[in-house]
1. Would you say Ile8 is within 42 Å of the chain's Cα centre (by Cα), outside any helix (DSSP H, G or I), buried (at least 19 other Cβ atoms within 10 Å of the Cβ) and among the β-branched types (Val, Ile, Thr)?
2. Under the condition of being outside any loop (DSSP other than H, G, I, E, B) and away from the ligand (no atom under 16 Å from the Cβ), which residue from the range 120-155 is surrounded by the most Cβ atoms within 10 Å (Cβ to Cβ)?
3. Is there a residue being of a type in the set (A, V, I, L, M), farther than 25 Å from Lys512 by Cβ, assigned to a helix (DSSP H, G or I) and touching a residue at least 40 places away in the same chain (Cβ under 8 Å) anywhere in the range 15-28?
4. Got at least one residue in the range 48-69 being within 28 Å of Glu111 (Cβ to Cβ), over 34 Å from the mean Cα position of the chain (by Cα) and either touching a residue at least 40 places away in the same chain (Cβ under 8 Å) or part of a helix (DSSP H, G or I) (or both)?
5. Given the conditions (1) touching a residue at least 24 places away in the same chain (Cβ under 8 Å); (2) surrounded by 15 or more Cβ atoms within 10 Å (Cβ to Cβ); (3) within 25 Å of Asp162 (Cα to Cα), report the number of the one that Met314 does not fulfil.
6. Do we find that Glu180 is surrounded by fewer than 16 Cβ atoms within 10 Å (Cβ to Cβ), within 27 Å of Asp217 (Cβ to Cβ) and free of Cβ contacts under 8 Å to residues at least 40 places away in the same chain in this structure?
7. Which residue pairs have Cβ atoms closer than 7 Å, lie 6 or more positions apart in sequence or on different chains, and pair a first residue in the range 318-340 that is away from the ligand (no atom under 14 Å from the Cβ) with a second residue that is assigned to a strand (DSSP E or B)?
8. If a residue must be surrounded by fewer than 15 Cβ atoms within 10 Å (Cβ to Cβ) and either within 35 Å of the chain's Cα centre (by Cα) or in a loop (DSSP other than H, G, I, E, B) (or both), how many such residues does the range 287-300 contain?
Amino acid sequence: MKKILDMITEEAVKAFSAAGYDAKYAKVTLSNRPDLCEYQCNGAMAAAKEYKKAPIMIANAVVEELVKSEMLEEVQAVNPGFINMKISAEFLSSYMNGMKDDERLGYDKAEHPRTIMIDYGGPNVAKPLHVGHLRSAIIGESIKRIGRLAGHRVIGDVHLGDWGLQMGLIIMELKERKPELVYFDENYTGVYPEEAPFTISELEEIYPTASARSKEDAAYKEAAMQATFELQQGRKGYQALLQHILNVSVTDLKRNYANLNVDFDLWKGESDAQPYIPAMVQEMKDKGFAYVSENALVVDVKEETDTKEVPPCMILKSDGASLYTTTDLATIVERMKLYAPDEIVYVVDKRQEMHFVQVFRCARKCGLVDEHVSLKFLGFGTMNGKDGKPFKTREGGVMRLEYLLKDINEEMLKKIQETRPEETEAEAIAKIVGLAAVKYGDLSNQASKDYIFDVDRFTSSEGNTGPYILYTIVRIKSILKKYEEMGKVICDTAIAPCTAESEKALMLELTKFNAVMENAFEELAPHKVCAYIYDLANAFNKFYHETKILAEEDAAKQASWIQLLLLTRRVLETCIDVLGFEAPERM
Ligand code: ARG
């Protein structure tokens, strides 16, 4: 369906032309004075200069034409030359019915679907997920869903950090503890055991121990670096251990992400890109892009217009080892080859911005991507505690994701048990609402900004919070249920023209759905969806408080309201689905 602003603009275009003025002045926007009107056009002011006339004269002439439009119910020219409009109740209800009868709620599918890869999550194997990974997972998941709703082919890739010193450290520490394992026997030719020689909790303990020790013990670190090197050279026993580490880690990660309602199409990692490095480096050298500087192989990526220094992109260190940049470049090569995306979006901490500037420029310069492919960096800010510093445990350590979610769920559970001690499913409900609290708390901020993680505020059912949105949906569900309990049947009737202000205001909010979704996709901005559902929930609750829906005696009127409720619920549910959470049956 056409967006409502475009439809009204079309009416204004006709009116400007009919009145003898250029249609380019006919742009209609939402009113910034909702007390006076719903839509406005300020074009007469701009046109006044070209036509050398008083703006109010132009506005008057346009209004004379515009009053003929069936879409509008009130059109006024106001000094010095504004055109104020109110939409007609009939047209508004026909728009509502158009949305209601469309399975996409009036949001048209993208005309030219694109293949978009989202690189998000980015956990590091064998290290527990911490809150820093939370934002990438939450924002990336939402971007993926917003893209899918728009009709694009979106592929989510977790891009595991599974390549580097952490692997060598784990191998070394295991060797110290269990030297008898066959993985360390270079002469072993048999098959390696299927079962991993450690559990996830051991693995999570092994890494920090090894990492701490390597900081004090130079020989130990040297040995871990050697093990990393041998692993990367393909030493069989180490490769087999890597597989075990990956399997155990990934199983645990999948469980954690499932708790977050986050899932990935691809579980690829940095290690998958390694085979692409040699040919890529060779080509960079052959084409003359890469050159040796201070023993390292680099590609220049600075540009004349840079205001900040952009250092050369390092491809190989002096000892021939590859780097984070090399891996990301090779991953681009791999992605182009296997999935041919039109766009890759990286949802990563904004402190890594320079890394991505270098990688993107280098990829373009060396021709790793076609010109039409867009590479986007969606950098997010830090999640802080109430003290304004990065979120920590009470003891000051790095907060693990699992514990953070547990804290929130407990807080939610407490609230439910206080208000409704009779609830038998309090725990399940607390989990659903807790997740909404966390996700909405994060997504309602512009991604690039830091924000304060405030359990009390996020779990409150009042204000701009996840629970408030869920309450609104649950309220609608409960009215619908009561309606049926009264012995009435919900049939698919049309939504009648509104008769009250709050009803109209609710309808006007509903009309914005397609424009909001389109804009959220174009700007990769889930916070726009949050802002929208907050307004929509407010409009609904106002309507609810001013309307006796269930006590209404006029059955036709009541049936129409029920349809309006169903539509509101569908819009809200579609929105929270793209944000990555859901509503319970009761709260
Ligand atoms: N594993 C990295 C980290 O924890 C994030 C990976 C981001 N994605 C990428 N393609 N570099 O910092």
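1. Judged against the criteria, Ile8 is not a match.
2. Just the residues of the range 120-155 that are outside any loop (DSSP other than H, G, I, E, B), to begin with: 124, 130-149, 153-155.
With the extra rule that they be away from the ligand (no atom under 16 Å from the Cβ), the set shrinks to 142, 145-149, 153-154.
On the way: Ser142: 30, Arg145: 20, Ile146: 25, Gly147: 25, Arg148: 15, Leu149: 23, Arg153: 15, Val154: 23.
By that ranking, first place goes to Ser142.
3. For the range 15-28, residues of a type in the set (A, V, I, L, M), farther than 25 Å from Lys512 by Cβ, assigned to a helix (DSSP H, G or I) and touching a residue at least 40 places away in the same chain (Cβ under 8 Å): present.
4. Yes, because at least one residue in the range 48-69 is within 28 Å of Glu111 (Cβ to Cβ), over 34 Å from the mean Cα position of the chain (by Cα) and either touching a residue at least 40 places away in the same chain (Cβ under 8 Å) or part of a helix (DSSP H, G or I) (or both).
5. Of everything listed in (1) touching a residue at least 24 places away in the same chain (Cβ under 8 Å); (2) surrounded by 15 or more Cβ atoms within 10 Å (Cβ to Cβ); (3) within 25 Å of Asp162 (Cα to Cα), Met314 misses just condition (1).
6. So Glu180 passes the test.
7. Ser318/Ala296; Tyr339/Thr115; Tyr339/Met117; Tyr339/Ile155; Ala340/Thr115
8. The total comes to 4.
Bear in mind these aren't lab numbers, they're just calculated from the coordinates by the rules spelled out. What you are looking at is a predicted structure, and each value in this text was computed from that prediction instead of being measured. When we count neighbours, we look across all protein chains shown, and the Cβ atoms used for this are built from the backbone with ideal geometry, even at glycine.
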